[in-house]
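So the structure is just underneath, and the comments pick up after that.
The numbers here are math on the coordinates, done by the rules we state, and not lab data. All figures in this text were calculated on a predicted structure; none of them were measured in a lab. Glycine also receives a Cβ, built like all others from the backbone with ideal geometry; neighbour counts cover every protein chain displayed.
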Amino acid sequence: MKINDIYNLMLKMGMESDFRGKDGVQKVLDKKRKKFEKMSDEEKQDFDEEALENPYLDSGIYNISDDREIRKVLVGIDITPSEILLAKQLGNIDLVIAHHPVGKGLAQLADVMDLQTDVYNYYGVPINVAEGLMKERISEVARGVNASNHQRTVDAAKLIGINLMNSHTPCDNLAAKFLKDFVEEKKPETVGDLISALKEIPEYKEAMKIGAGPKIFVGSPENRCGKIAIAEITGGTEGSPKLYEKMAQVGIGTVVGMHISEEHKKEAETANVNIVIAGHISSDSLGVNLLMDELEKQGIEIVPCSGFTRFSRVSK
Ligand SMILES: [Fe+2]
């Protein structure tokens, strides 16, 4: 596999596990193309044409110094110049794969958040309500990442000649789909049952050893789950805190998320929605593992770093 093959595989797997369905994602791409075609030549010059093919602009390729066959990858949750140096030091690393966005992926993080609007809609929140509340939050996130030093890691990779890419939302989609299927199969009755079930997943079991396992942030173990929504695993970052009240109104009893701010927690409490936080880096690891399994099947060696816990689900 070459770097572009991994990139294409990532997009394919991301789209196949997307809450919007493959057709739903294609619709988003088609809309972008229509917009692009109507642009003036000047506007087209400033437009990133990757957006016409890649529905996950928080994920991509940032540096190809040597387009060689990929045999060994260094994979981490956060890749900084330190991990780039680590790749050089380890030697024989053909490609570094980050989970969290770097470079233009970080600058465009807010672009993937429309996905959340559809996730809330999938769970019953009217589309006009989800759109209205998410619009506000998306612009807030776009302003938030604006100040970052986006190119820092990319510059290090270019200087030292290390191939670099990342996979954020495609992996988060894989984690969300996995958890959705898992919860539907386990059908936990209480929040305590849900926590126990999640602890069976190796990534969460491992996180428990360092005190970062699944936790109840709102609610208590004996609370009944009601309808469980995997609403806060994919779609960039946290959605709008005002959505908990709406979710309660459409019959959602429990939300499983990766992480939650204090403001979001308070709103969930007011709305009586149970919140189970599966864990941030462990949930990220779960999604990355599902992509890495496909690389392993192609004979690629995976070297985990930067918080990534590798668990293979490839039958041997
Ligand atoms: Fe994350």
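A few remarks follow.
- Highest-first arrangement of 97-103, 147-153, 7-13, where packing means the average Cβ count within 10 Å: 97-103, 7-13, 147-153
- Residues of type lysines that Lys35 reaches as a straight line, Cα spacing below 20 Å, ignoring anything fewer than 8 places off in the same chain: Lys27, Lys44, Lys135
- Most positive-pole-ward Cα, Thr80, Gln45, Val145, against dipole of the chain from beta carbon charges: Thr80
- Long-range HN-HN contacts of Val218 with modeled amide H, under 5 Å: Ile275
- Proximal lysines to Lys205, defined as alpha-carbon separation beneath 26 angstrom and excluding residues fewer than eight positions away on the same chain: Lys177, Lys180, Lys186, Lys187, Lys215, Lys227, Lys265, Lys297, Lys316
- Helical segments meeting 18 Å axial Cα length and Kyte-Doolittle 0.0 threshold in the chain (DSSP H): 3-16
- Cα shape, the stretch 27-108, gyration tensor, a/c 1.5 rule: prolate
- For the stretch 301-315, the Karplus equation 6.51 cos²θ - 1.76 cosθ + 1.60, evaluated at θ = phi - 60°, returns couplings of 8, 10, 10, x, 8, 6, x, 6, 9, 8, 10, 8, 10, 7, 6 Hz by residue, with Gly and Pro reported as x.
- Couplings 3J(HN,Hα) for the stretch 104-111, derived from phi with the Karplus relation 6.51 cos²θ - 1.76 cosθ + 1.60 (θ = phi - 60°), are 5, x, 6, 4, 10, 3, 5, 4 Hz, where x marks Gly and Pro.
- Amide H contacts of Thr190: Cys225, each under 5 Å away and 5 or more positions distant or on a separate chain (H built 1.01 Å from N in the peptide plane; Pro and chain starts excluded).
- Rounded, prolate or oblate (a/c below 1.5 giving rounded, otherwise prolate when a/b exceeds b/c) for the stretch 67-188 by Cα gyration tensor: oblate
- Interchain or long-range residues, amide H under 5 Å from Asn63's placed H: Leu164
- Among 131-139, 56-64, the order from most to least packed when residues are scored by Cβ within 10 Å on average: 56-64, 131-139
- Highest mean first, the peptides 69-80, 30-41 sorted by other C-beta atoms within 10 Å per residue fall in the order 69-80, 30-41.
- Cβ-defined net charge surrounding Asp18, 12 Å radius [Lys, Arg +1; Asp, Glu -1]: +1
- Placing unit charges on the Cβ atoms only, positive for Lys and Arg and negative for Asp and Glu, gives the chain a dipole magnitude near 460 debye about its Cα centre.
- Anisotropy class of the chain from Cα gyration tensor, a/c 1.5 cut: oblate
- For Thr270, neighbours were defined as the other residues whose beta-carbon sits under 15 Å from its Cβ, and their charges (Lys and Arg +1, Asp and Glu -1) total -1.
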